[in-house]
1. Do you know which residues across segment 170-192 are surrounded by fewer than 16 Cβ atoms within 10 Å (Cβ to Cβ), touching a residue at least 24 places away in the same chain (Cβ under 8 Å) and part of a loop (DSSP other than H, G, I, E, B)?
2. Look at Ile23 and say whether it is within 27 Å of Ser173 (Cβ to Cβ) and within 16 Å of ligand 1 (Cβ to nearest atom).
3. Return the residues of segment 81-130 that are closer than 19 Å to Leu158 by Cβ and charged (D, E, K, R); say none if nothing qualifies.
4. Quick one: in segment 132-156, of everything that is in a helix (DSSP H, G or I) and away from ligand 2 (no atom under 16 Å from the Cβ), which residue is nearest to Leu77 (Cα to Cα)?
5. Among the numbered criteria (1) without any contact (Cβ under 8 Å) to a residue 60 or more places away in the chain; (2) in a strand (DSSP E or B); (3) more than 16 Å from ligand 1 (Cβ to nearest atom); (4) at negative phi, which single criterion is violated by Asp6?
6. For segment 74-98, how many residues are in contact with a Lys or Arg (Cβ under 6 Å, 6 or more places away or on another chain) and in contact (Cβ under 8 Å) with a residue 40 or more places away in the chain?
7. Do we have Glu29 as modelled with pLDDT of 95 or more, within 16 Å of ligand 1 (Cβ to nearest atom) and acidic (Asp, Glu) here?
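The values are calculated or read from the model by the stated rules, or taken from the named source; none is laboratory data. Just so you know, these numbers come straight off a predicted model, no measurement behind them. In this analysis, Cβ positions are derived from the backbone assuming ideal geometry, glycine residues included, and neighbour counts consider all displayed protein chains.
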Amino acid sequence: MIEMQDVIKKYSNGIVAANGLNIRINQGEFIYVVGPSGAGKSTFIKMMYREEKPTSGTITVNGVDLTKLKNRHVPFLRRNIGVVFQDFRLLPTLTVFENVAFALEVIEQRPKDIKKRVMDVLAMVGLKHKVRMLPTELSGGEQQRVSIARSIVNNPKLVIADEPTGNLDPDTSWDIMNLLKEINMKGTTIIMATHNKEIVNTIKHRVVAIESGRIVRDEQRGEYGYES
Ligand code: ADP
Ligand code: ADP
């Protein structure tokens, strides 16, 4: 579902954050992206949802060549990709329900169906009882659950998570991992950049290690491979 060929990304300041990336990711995989800070992990995943464009090379996602995709078509790509961030990025003035409903692409849907879909995903993440609350009234773990609900509300084939447990305590991090596992079991591809050694070495998945803009390791059921 994702293919990169000879992808190079040179930022305008001259930094080469991707230096010849080649990878194939199949539908339904769960992938950890690991590596030191500044290695190019975020750049690697940002290029998958066209937050960054490569300087050269090709990237195909769900059959679409992103290097040829017109800017005005990017929203259609994003509809099939959920994104989860370390800092949650919820809209502070909207309730939990509204944050998730806001992300739902409303294409001729009845209000009743919209409400059902939003309540279904909030039930899945265990927050049905907090739908009227504001993000500031929630714990970090709960805010991350809302952001996961938001990421899956359109039933995307792919969820990209950039250090989703980075701001959470260990117990809460395991809860979030269980949720991602549940989403993955329904067939959604998950790509997760992480520094969480414990999680990578316990819940085994494919591990892609990036250093200085290059993939230096790519193993099924791999190890974290760094000290911390
Ligand atoms: P990681 O996620 O592994 O920490 P990043 O992809 O964020 O790595 O960064 C890789 C390199 O690219 C770093 O040297 C970083 O400073 C640089 N970089 C990231 N984003 C930008 C940007 N928008 N402009 C210039 N340099 C950037
Ligand atoms: P079931 O028919 O077993 O109840 P559903 O398809 O209704 O399964 O989904 C159960 C829960 O999972 C619902 O809250 C739904 O919103 C959510 N869900 C559905 N599809 C996905 C998906 N692709 N990724 C993540 N969650 C999903």
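1. Within segment 170-192, just Gly187 meets the criteria.
2. Here the answer is yes, as Ile23 does meet what is asked.
3. If the condition is that a residue be closer than 19 Å to Leu158 by Cβ and charged (D, E, K, R), then Arg89, Glu105, Arg117 are the ones that fit.
4. Applying the filter and picking the extreme gives Gln143.
5. In the conditions (1) without any contact (Cβ under 8 Å) to a residue 60 or more places away in the chain; (2) in a strand (DSSP E or B); (3) more than 16 Å from ligand 1 (Cβ to nearest atom); (4) at negative phi, Asp6 misses (4) alone.
6. Result for segment 74-98: 2.
7. No.
Here's the yes/no breakdown for (1) away from ligand 1 (no atom under 16 Å from the Cβ); (2) more than 21 Å from Val83 (Cα to Cα):
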| residue | (1), (2) |
| --- | --- |
| Val131 | yes, no |
| Asn155 | yes, no |
| Asp162 | no, no |
| Thr188 | yes, no |
| Thr202 | yes, yes |
| Ser212 | no, yes |
